[in-house]
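Worksheet: one structure, shown below.
What follows is calculated from the coordinates using simple rules that are stated; it is not laboratory data. Every value quoted in this text rests on a predicted model; they were computed, and no experiment measured them. Here the Cβ positions follow ideal geometry from the backbone for every residue, glycine too, while neighbour counts run over all protein chains shown.
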Amino acid sequence: MSGEMMAVDYYIPLIMFLIVGAIVPIGALAAVKVISPQKSTFQKRATYEGGLRPIREAVIQYNVQYYLFAIVFVIFDVEVLFLYPWIYVYASEVIPTLGGVNIAIIDMLIFIVVLLIGLLYAIKKEALRWV
């Protein structure tokens with residue numbers, strides 16, 4: 001019983017982090033809603049052009065291809081960042097083996113294969129073709 005309680009004790013910081021991580025942004029949004037003035041006027045919503053009257057609408061239509069390119073870049077950029085902890089652990093720790101083959105290497109290869117499949121899919125759908 002004591003071993004089970006010790007295992008649960010490891011999750012207490014994670015649970016506290018999740019609770020605080022949920023309360024802080026909700027509290028900040030609630031505070032802004034309560035404190036900020038609610039009155040909206042035309043001048044507050046107007047585009048600022050150096051004191052001159054706006055000539056046209058500030059909203060410009062962009063090609064969706066730019067957003068798609070940016071999203072694909074961010075996804076692959078963040079996924080590549082996940083390789084750094086693996087490299088650090090692989091270089092500094094003793095990694096368990098499975099039949100003489102390093103488990104961390106197998107995990108990294110699977111992850112990279114999934115990344116390559118996603119990249120090939122994006123290329124096939126012409127998501128990376130510039131406008």
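Things worth noting here:
- Calculated on the alpha-carbon coordinates, the convex hull of the chain measures out at 255 cubic angstrom per residue.
- Rel. contact order, % - alpha carbon contacts under 8 angstrom, at least six apart, the chain: 21
- Residue among LEU120, LEU14, LEU81 with the largest mean-square fluctuation in a Gaussian network model of the chain, springs linking Cα atoms under 10 Å: LEU14
- The label point for GLN61 and the one for ASP77, both projected 7 Å from the Cα toward the Cβ, are 2.8 nm apart.
- Two-site label geometry, TYR84 and LEU98: point separation in nm, points 7 Å out along Cα→Cβ: 2.8
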